[in-house]
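Colleague: Structure in structure tokens, see below.
The values are calculated or read from the model by the stated rules, or taken from the named source; none is laboratory data. Keep in mind that this is a model prediction, so the values were computed, not measured. So basically every Cβ, Gly included, is an ideal-geometry build from the backbone, and we count neighbours across all protein chains shown.
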Amino acid sequence: MSILAVSTHYWRDKVLSQEELAEIRASGFRHVEIFATPPHVRLDSSVFHEKLPRILHELELEICSAHAPYLPHLNIASLNERRRKEALHSFEHVLDWLAALGGKFLVLHPGTNLFDPKREEAHEREALRSIQHLVEYAGRLGLSVALENPPPGEFLSDARRFTIFLDKVRPLGCRFCLDTGHAFIQGLQLNWLNDFRKQLISVHISDNRGINDDHLAPEYGLIPWDRYMDFLVEWDNGETYWVLEIDQNTNPPGVLIQTYNWLKQYRGDIQ
């Protein structure tokens, strides 16, 4: 049974409040991924900590996951040890918060757009060290870590290099989050990922026109969804989260409930 969720990335330019969470529930969804990037979400806010559990309970929503803070300086592949540890500390804070809310996994990128193309192997070593640390930290909290294929311009955005790196983190127990929009821009062939089906825990679902990461709803861009969904349905292990990660600024009103119904045509057993 697929589990459908929405990322609060949809409102990334606003401070997350009860209003946005209520819209998620009214659209049919019951699971949420928190886009844990300030100012959208400030984990150091006592008000946020105190109110969120109550709001979730009242709306009958569950937090399934969080996306690690998406800021260029929070770079787990940084060659600057102080910067790398700053990123690790920030991500640990999100993991602690996620565990307290009953979440299941943290999604992160292998780096950011701040890297030296001439020193990719060194960046890979630092990313590998960081991921090992975070997987172990998450494990002690009963959580998982999922590595997402990044968009163009970021470290390891080359599709083949990413799949090689994904194989390196597999023995560490790191899971995999497939971003459909990034894959389409990267030219990432889905059949390259067959070996990683058991690692798959989440799919970020969005569309684009093949150039920019537009975060459009499915069928508003150029992704061949029939082919993509055939793969996703085949790969689904019954515990895969299909997370709608789109942007309010690039989509029409009512798109959340529209996409919920669109996904139901592929999997009627979606939770």
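Colleague: If I ask for residues that are of a type in the set (Lys, Arg), surrounded by 16 or more Cβ atoms within 10 Å (Cβ to Cβ) and over 25 Å from residue 200 (Cβ atoms), which ones from region 84-125 would you list?
Modeller: 84
Colleague: Something else about it: Considering region 24-63 alone, what residues qualify as being without any contact (Cβ under 8 Å) to a residue 40 or more places away in the chain, of a type in the set (S, T, N, Q) and under 20 Å from residue 13 (Cβ atoms)?
Modeller: 37, 45
Colleague: Of the residues 77, 66, only one is crowded, with 17+ Cβ neighbours inside 10 Å and either in a strand (DSSP E or B) or at positive phi (or both); which? Working first, answer last.
Modeller: Values: 77 fails: either in a strand (DSSP E or B) or at positive phi (or both).
Just a single option satisfies the conditions, and that option is 66.
Colleague: Using beta carbons and a limit of 8 Å, which pairs, at least six apart or on different chains, have the first residue in region 98-112 and assigned to a helix (DSSP H, G or I) and the second one of a type in the set (Val, Ile, Thr)?
Modeller: Between residues of region 98-112 that are assigned to a helix (DSSP H, G or I) and residues that are of a type in the set (Val, Ile, Thr), the close pairs are 98/34; 98/63.
Condition check ((1) outside any loop (DSSP other than H, G, I, E, B); (2) modelled with pLDDT under 90; (3) exposed (fewer than 15 other Cβ atoms within 10 Å of the Cβ)) across all residues:
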{"residue": "10", "(1), (2), (3)": "yes, no, no"}
{"residue": "13", "(1), (2), (3)": "no, no, yes"}
{"residue": "29", "(1), (2), (3)": "no, no, no"}
{"residue": "32", "(1), (2), (3)": "yes, no, no"}
{"residue": "39", "(1), (2), (3)": "no, no, yes"}
{"residue": "44", "(1), (2), (3)": "no, yes, yes"}
{"residue": "50", "(1), (2), (3)": "yes, yes, yes"}
{"residue": "56", "(1), (2), (3)": "yes, no, no"}
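Colleague: If residue 128 satisfies every condition in (1) under 17 Å from the mean Cα position of the chain (by Cα); (2) within 15 Å of residue 176 (Cα to Cα) but one, which is the exception?
Modeller: Failed condition: (1).
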